[in-house]
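The values are calculated or read from the model by the stated rules, or taken from the named source; none is laboratory data. Note that the structure is predicted; figures quoted are calculated from it, not measured. FYI the Cβ positions are ideal-geometry reconstructions off the backbone, even for glycines, and counts take in every protein chain you see.
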Amino acid sequence: MQWAISVDHKKLALMYIGAGLCFFLVAGLEAAFMRLQLARAENDVIDPETFNQLFTMHGTTMVFLVGMPILLGFGNYLIPLMVGARDMAFPRLNAFGFWLFIFGGLLLYFSYLGADGLYGAGTAPDVGWFAYAPLTSRTFSRGNSTDYWILGIMVSGFGSMTTAINFIATILCMRCPGMTLMRMPMIGWMMLVVAFLVLVAIPILTGAQIMLLLDRTLGAHFFDPETQGSAILWQHLFWFFGHPEVYILILPAFGFVSEIMPTFSRKVLFGYPLMVAATVGIGFISLGVWAHHMFVVGLGPVLDSFFGATTFLISVPTGIKIFNWLGTMWGGRLHFTTPMLFVTGFVAMFVIGGLTGIMLATVPLTWQLSDSYFVVGHFHYVLFGGTVFGIFGAIFYWFPKATGRLLDERLGKWTFWLLFIGFTLTFMPMHVSGALGMPRRIYTYEADRGWEIWNLISSIGVPVQMAGVAIFLWNAIRALRRGPVAGDDPWDAWTLEWGTTSPPPEWNFDRIPTCTSARPLWDRKNPEDPDAYYE
Amino acid sequence: MIAIVFCIALGVAGMAAPVEASQEDANAAAAAPPVPPAPAPVRQPDGSVADLDAKLVICDPDAPPVSGAGVTSIFEPESPPSREIRELGFLVFAICIGIFVVVQGFLVLAIVRGVRSRRAAGREGEGGSAEPTQVYGSVPIEVAWTVIPTIIVFVLTMVTIRTIRDIDITSPPEDALEVIVIGHQWWWEFRYPDEAGEVVTANEMHVPVGRPIWLRLESADVIHSFWVPRLAGKMDLIPGRTNYTWFEAERAGIYLGQCAEYCGTQHAHMLIRVYADEPEAFDAWLDAQRKPGVEDPTVAEGRRVFAEYACLNCHTVDGTSDGMFGPNLTHLASRDTIGSGFIPLNRENLRAWIDDPAQLKIGCNMPSLKLDAAELDAVTDYLLTLN
């Protein structure tokens, strides 16, 4: 009850992360069923309708109910602590946003029980997570499953918007004395840009979903080609949301890396101002690349070239970040704790996802690879090897702060290596099967195509990853019960959250801290050589 | 480690292709049937799975040779657009491998140095400095790793635009044969506009070798995507809009592909078979397809059943019916497959299909008409005469 009525940013954040992890398990299970079906050619463990629901729900869940809430949850937990504030700017709005997310998620999953109403149970949405028109029209999507998809995502989307407003207000107005914007921890910048992207992108999706709802329920014709509506309009609107969304999902993870890597390299983040510029640059460019999802729509050579060029361009600021992290590690004294393993794995995996992204920006190559398993491999390298690895790193790093107890390092390393190996087994072969002509979203495939071995390897990776996640859950439960006490500052870190108790009191700081540089605790620990001297 | 895995994987899959292809050019005549016959287990009406391999080989032996990467590999082009894409792909892949090696190399080096430095500091104990030298940044280095990637990106953009222009899907190549492709849930309609009479067929597209084919892509319902990897990149078929693309098969044989944009329940079973025939064979095929349906008096009963039940509402048989919703059946028996390319056409399969299509293709839009055994036999016999 104390949790249900709480407006404390830390409690809400933990609920965000906890709920996100529950959805993560569900979405992972959905993926496991898909891999089971695809392990062999012409398999018939799962029928096509169920398979189509599985990939729709897996994608929708991972993006809207796992990635977003966990990352916004970390933002919620960390922003006030790291900028030295007592809570978010609007605590009640914060609670409102959280409960909208929960309600939206449950509404989406209620579709498994009630989407077809009188027709019977068991009909989750099956239109794919990007729900292309006109497959979503009443003609082709009967029953109510698509309406549940619209409403569930719309409701949780409103929650994300309120959270974004809260982030912006807190970051801009509630930094402690001495913390100028350029002395803010890097994760603050990431979250600020993310919040702006949420405010620009999500309303577009919400608007498009309202149009779709009007089409479906009131006979409007926005996306109905039979009556001069446009099927491509949906794609433009969806991807104008959809591509910034990718950066919404990856920038916070960049933030985790930018905090964790310096701590365990025992060095200050290399090139802070350029890092800020790259983050803001990514924010802007990400609003101008959406049609690279539409290279096979036939937009014509001019638009194809333009969006290919902007997509190439965004790799420049992204590359800067990777180089700056390497610069941070270079010459440091590296402590390979579990969080450090995860963020190092993040960098290695994300480089691969970025490079396959460059291949996919090559428009004619995408005429072959678009909608193939190559794309599935690519975005899992970004969103699993990137975002999920970042999230695990963050959980291992801030768990002691949030609970006062340390996770077990040995089990943590098992989790990392199992996830890393399982991940590589599952997603690396997808690049090959895609290049061999395997389209995504097929529930079965012909035996003569030469895809079977690659699919089998992909499926073998699944139990390995599941073992990693299971060990993590065991680790977390065990640590909560009888983990070693962490103390205020177990990692000897430099940002403000480590200057208060673990877990922090409801008011965060007995006295509002002041800071003189981007690493206030460094200055306190090394008074003879403070950062402030170099600013 | 990952680099090695990736290289081996792609190497096995594709890098060997150009070499082997040239060998095959040299002794094309001697080339053995290269595609392994596909065992095609198809579910029987009673739910059992039968191996139909013995009855009909779905991948014909006259398919163009493949080196082992697969019958739908983008590494084995047999047409100018897919060949240009492969060349561009190798270039971009090489650049990416270069970047990969440099970045991961520095990462590994940083890790090795960093761990060594920590151990050294640990041995020095309290005597050494507590923390390593703090480096806040370096303008020249940061400028370098901003400018160099920008240059690489500029080059990539230029070669991309050049290839877009080279392939040029905005206007038909000279002397191109136009084929209209219409996507349906879940099958393909091919129409050959021709002064001597339009030819309409389904799922199996015949084209002449050595002549550009200009595809006009339309959809009857939702969005589909036409993808035959060895011939060209994919292009969407979008309702309310017309798209174009082209290819030119360089060798006779069968090229496989399938729908690449999720289009509903049976997206997985919307396969494409492109038959590249020698020009004379193609003309003969076109002439045969132009004729009205055979009216064989020995199967008049089957024709009566076809006309009496709902069959004719959806299917065209020239001279008998003019339904538009399902595939044109005027020359059904001239095709190798039913169900959009995944069920070999033979008497047993056709009869099972007519009995209850959903048994073979769950969610299929063709209903079971609940014919009795005699009617099923009659209509199956009738359809098999339509060659």
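Okay, here's what the table says:
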| item | result |
| --- | --- |
| Residue B:241 assigned to a strand (DSSP E or B), closer than 30 Å to residue A:231 by Cβ and among the basic types (Lys, Arg) | no |
| Count of residues meeting criterion [in contact (Cβ under 8 Å) with a residue 60 or more places away in the chain, farther than 16 Å from residue A:68 by Cα and not hydroxyl-bearing (Ser, Thr, Tyr)] in the range A:380-406 | 9 |
| Residues satisfying the stated conditions in the range B:277-325, i.e. assigned to a strand (DSSP E or B) and not assigned by TED's automatic domain parsing to the domain that holds residue B:195 | B:316, B:317, B:321, B:322 |
| Scan of the range A:111-157 for residues that are among the hydrophobic types (A, V, I, L, M, F, W, C), outside any loop (DSSP other than H, G, I, E, B) and at pLDDT 90 or above, ordered by number | A:149, A:150, A:151, A:153, A:154, A:155 |
| Positions within the range A:506-535 being in contact with a Phe, Trp or Tyr (Cβ under 6 Å, 6 or more places away or on another chain) and outside any loop (DSSP other than H, G, I, E, B), in sequence order | A:521, A:522, A:531, A:534 |
| Matching residues, the range B:232-253, being surrounded by 21 or more Cβ atoms within 10 Å (Cβ to Cβ), within 19 Å of residue B:166 (Cβ to Cβ) and away from chain A (no Cβ under 11 Å) | B:246, B:247, B:248, B:249 |
| Single unsatisfied condition, residue A:190 versus (1) buried (at least 22 other Cβ atoms within 10 Å of the Cβ); (2) out of contact with any Ser or Thr (no Cβ under 7 Å at 6 or more places or on another chain) | (2) |
| Breaking point among (1) more than 21 Å from the chain's Cα centre (by Cα); (2) in contact (Cβ under 8 Å) with a residue 40 or more places away in the chain, for residue A:423 | (1) |
| Any hit, the range B:179-190, residues being in contact with a strand residue (DSSP E or B) (Cβ under 8 Å, 6 or more places away or on another chain) and acidic (Asp, Glu) | yes |
| Some residue of the range A:502-518 being away from chain B (no Cβ under 13 Å), on the phi > 0 side of the Ramachandran plot and touching a residue at least 24 places away in the same chain (Cβ under 8 Å) | yes |
| Residue within the range A:432-452 that is more than 12 Å from chain B (Cβ to nearest Cβ), within 25 Å of the chain's Cα centre (by Cα) and at pLDDT 95 or above present | no |
| Within the range A:180-204, tally of residues that are farther than 16 Å from residue A:67 by Cα and in contact with a Gly (Cβ under 7 Å, 6 or more places away or on another chain) | 4 |
| Residue match in the range A:382-402 (condition: within 12 Å of chain B (Cβ to nearest Cβ), not in a loop (DSSP other than H, G, I, E, B) and not small (Gly, Ala, Ser)) | no |
| Single match in A:296, A:276 (criterion: under 20 Å from residue B:166 (Cα atoms) and touching a residue at least 60 places away in the same chain (Cβ under 8 Å)) | A:296 |
| In the range A:273-311, the residues that are within 23 Å of the chain's Cα centre (by Cα), more than 16 Å from residue A:365 (Cβ to Cβ) and within 11 Å of chain B (Cβ to nearest Cβ) | A:275, A:277, A:278, A:281, A:310 |
| Residues (within 14 Å of chain B (Cβ to nearest Cβ), not charged (D, E, K, R) and not in a helix (DSSP H, G or I)) located in the range A:209-237 | A:221, A:222, A:223, A:228, A:229, A:230 |
| Matching helices (runs of 4 or more DSSP H) fully within the range A:6-106 where at least 3 residues are over 23 Å from residue A:394 (Cβ atoms) and without any contact (Cβ under 8 Å) to a residue 40 or more places away in the chain | A:9-38 |
| Selection status of residue A:316, at the interface with chain B (Cβ under 9 Å from one of its Cβ atoms) and either charged (D, E, K, R) or free of Cβ contacts under 8 Å to residues at least 60 places away in the same chain (or both) | yes |
| Hits in the range B:264-312 - residues which are more than 14 Å from chain A (Cβ to nearest Cβ), surrounded by 15 or more Cβ atoms within 10 Å (Cβ to Cβ) and aliphatic (A, V, I, L, M) | B:276, B:281, B:286, B:294, B:299, B:305, B:312 |
| Number of the condition not met by residue A:332 [criteria: (1) under 27 Å from residue B:151 (Cβ atoms); (2) touching a Ser or Thr at 6+ places or on another chain (Cβ under 9 Å); (3) facing chain B (nearest Cβ under 10 Å); (4) buried (at least 24 other Cβ atoms within 10 Å of the Cβ)] | (1) |
| Output for the range B:228-253, where each listed residue is at pLDDT 95 or above and within 16 Å of residue B:70 (Cβ to Cβ) | B:228, B:229, B:230, B:231 |
| Criterion violated by residue B:79 - all others in (1) crowded, with 22+ Cβ neighbours inside 10 Å; (2) modelled with pLDDT under 95; (3) touching an Asp or Glu at 6+ places or on another chain (Cβ under 6 Å); (4) small (Gly, Ala, Ser) satisfied | (2) |
| Any hit, the range B:172-188, residues being free of Cβ contacts under 8 Å to residues at least 60 places away in the same chain, more than 30 Å from residue B:340 (Cα to Cα) and of a type outside the set (Phe, Trp, Tyr) | yes |
| Selection count, the range B:284-315, where residues are acidic (Asp, Glu) and free of Cβ contacts under 8 Å to residues at least 12 places away in the same chain | 2 |
| Among residues of the range B:125-164, those that are under 30 Å from residue B:244 (Cβ atoms) and touching a Ser or Thr at 6+ places or on another chain (Cβ under 9 Å), counted | 8 |
| The range B:114-136: number of residues that are at the interface with chain A (Cβ under 7 Å from one of its Cβ atoms) and either within 50 Å of the chain's Cα centre (by Cα) or of a type in the set (S, T, N, Q) (or both) | 5 |
| The listed residue being over 30 Å from residue A:295 (Cβ atoms), of a type in the set (Asp, Glu), in a helix (DSSP H, G or I) and not assigned by TED's automatic domain parsing to the domain that holds residue B:235, out of B:124, B:131 | B:124 |
| Every pair of residues 6+ apart whose Cβ atoms lie under 8 Å, when the first sits in the range A:519-535 and is away from chain B (no Cβ under 11 Å) and among the acidic types (Asp, Glu) while the second is part of a helix (DSSP H, G or I) and surrounded by 15 or more Cβ atoms within 10 Å (Cβ to Cβ) | A:523/A:531; A:523/A:532 |
